[in-house]
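Written below as structure tokens is the structure these notes are about.
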Amino acid sequence: MRIGRFSLTVGVPDGFTSGVRRAMGRQPPALNQEAGLSTGRLEIRPAPAVTFERRNPDDGLTFVRQRVDWRAKNRREPAVDEKVDGPESLARLVAGRPWYHTLELPHGIVTPGEYDHRDLVPHYGIPADLRGRRVLDLASADGFWAFEFERRGAEVTALDIDTTADVDLPAPVHRRAADQGLDDPITDGFALAKRALKSGVEHVTGTIYDLDPARLGQFDLVHAGDVLLHLRDPLGALEQIRRVTKGEALLSDVFEPSLRLPSNGEGLPALYFGGGNAAWWRPALSTLVQMVADADFSLVEVVTTYSLVARGEKVGPWRAVLRAKP
């Protein structure tokens, strides 16, 4: 057998060669130095030149540093016995911390959240009456969705990490944050809002990776908003969400509209950010849906898509709300 300028001799039984010819159908093509080698079963092409970026760990600290710097200037810790039901004390406490969510608190006080989800609520398809249902709100932050579910009558558990040291960042970024002493509580806004609203929502500390039915049980509704993009293993997280979902999951997360599946249906594209500013991924919508399905949910549907602009920004990424059932 000759392939280009190479010769190969193989000793085989006399009756075997005719069967090989029939199986292959034709002789393999010649070696082409530019296109590579193809035998019909094996294709080899020249290795492409690739580049990668040597990341600066400080670039991934933006999320942590912003919160720490803000608190250094503005933070006001409440006294243990300080009441939050008076308008003046509540207003002072609200002003003394950064807010992720815009929340309507008593006395007409509204937290200056980075994101205002209030106009989105009607588009999620949440039942008006959740009485008798257990709801889990994941990555609850200041608790906007947890308190909304409670307002509709649900028994609500909210889960989030404890401090920014627990954010799922690359190892070099974690080391740099530790070296610089950058750490900030995640849940004190939730605690203040819970006191002000006299809420009964149960708050537990942990990561989505550690979800366990033996610890928390299973839930009629599991909500996770804007969390998968912040995880290096979103599919693993979805599998854990599936473990505690008895009824349905309501998942809202970022996707990239410009990404499309190839025409042959192969591949699931996603942009990779590598943890910069606490973000890892921005998948195609089809990728996001497929990941949820691959996590062993039997039915996945897109409820709506939206673009929500953060306070102080001009544009916002697109997000999809997915409903998934076991």
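What follows draws every value from the coordinates through simple rules; no lab data is involved. Nothing here was measured: the structure is a model prediction, and the numbers come from that model. Glycine gets a Cβ as well: all are built from the backbone with ideal geometry, and neighbour counts include every protein chain shown.
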With unit charges on the beta carbon (Lys/Arg positive, Asp/Glu negative), name the residue among A249, L197, P170 whose Cα is farthest towards the positive pole of the charge dipole of region 61-325. L197
Once R0 is set to 35 Å, what does the formula 1/(1 + (r/R0)^6) return for the Cβ-Cβ distance between W318 and D162, expressed as a FRET efficiency to the nearest 0.05? 0.70
Relative contact order of region 61-325 (C-alpha contacts under 8 Å, at least 6 apart) in percent is 16 percent
Hey, rough spin-label estimate for R175 and D119, points 7 angstrom out along Cα→Cβ, what's it come to in nanometres? 4.5 nm
Size of region 199-326 along its principal axes in angstrom, Cα-based, largest extent first? 42, 40, 27
At 0.36 nm per residue, minus the direct Cα-Cα distance, what do R131 and A191 gain on full extension? Give it in nm, one decimal, please. 19.3 nm
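Can you compute the FRET efficiency between D212 and T51 using 1/(1 + (r/R0)^6), with r the Cβ-Cβ distance and R0 = 56 Å? Round to the nearest 0.05.
0.85
About the Cα centre, and with charges only on the beta carbon of Lys, Arg (+1) and Asp, Glu (-1), how big is the dipole of region 61-325? Nearest 20 debye, please.
Here the size comes out at about 340 debye.
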Ordering 246-255, 213-222, 317-326 by per-residue average of other C-beta atoms within 10 angstrom, highest first, gives 246-255, 317-326, 213-222
Label-point separation, D59 to Y306 (7 Å along Cα→Cβ), nm: 3.2 nm
When the Kirkwood hydrodynamic radius is evaluated over all pairs of different C-alpha atoms of region 61-325, what value in angstrom, to one decimal, is obtained? 19.3 Å
How far is it, in nm, from the label point at K325 to the one at D69 when both lie 7 Å from their Cα along the line to the Cβ? 4.8 nm
If packing is taken as the average count of other Cβ atoms within 10 Å, what order do 141-147, 107-113, 276-282 fall into, highest mean first? 141-147, 276-282, 107-113
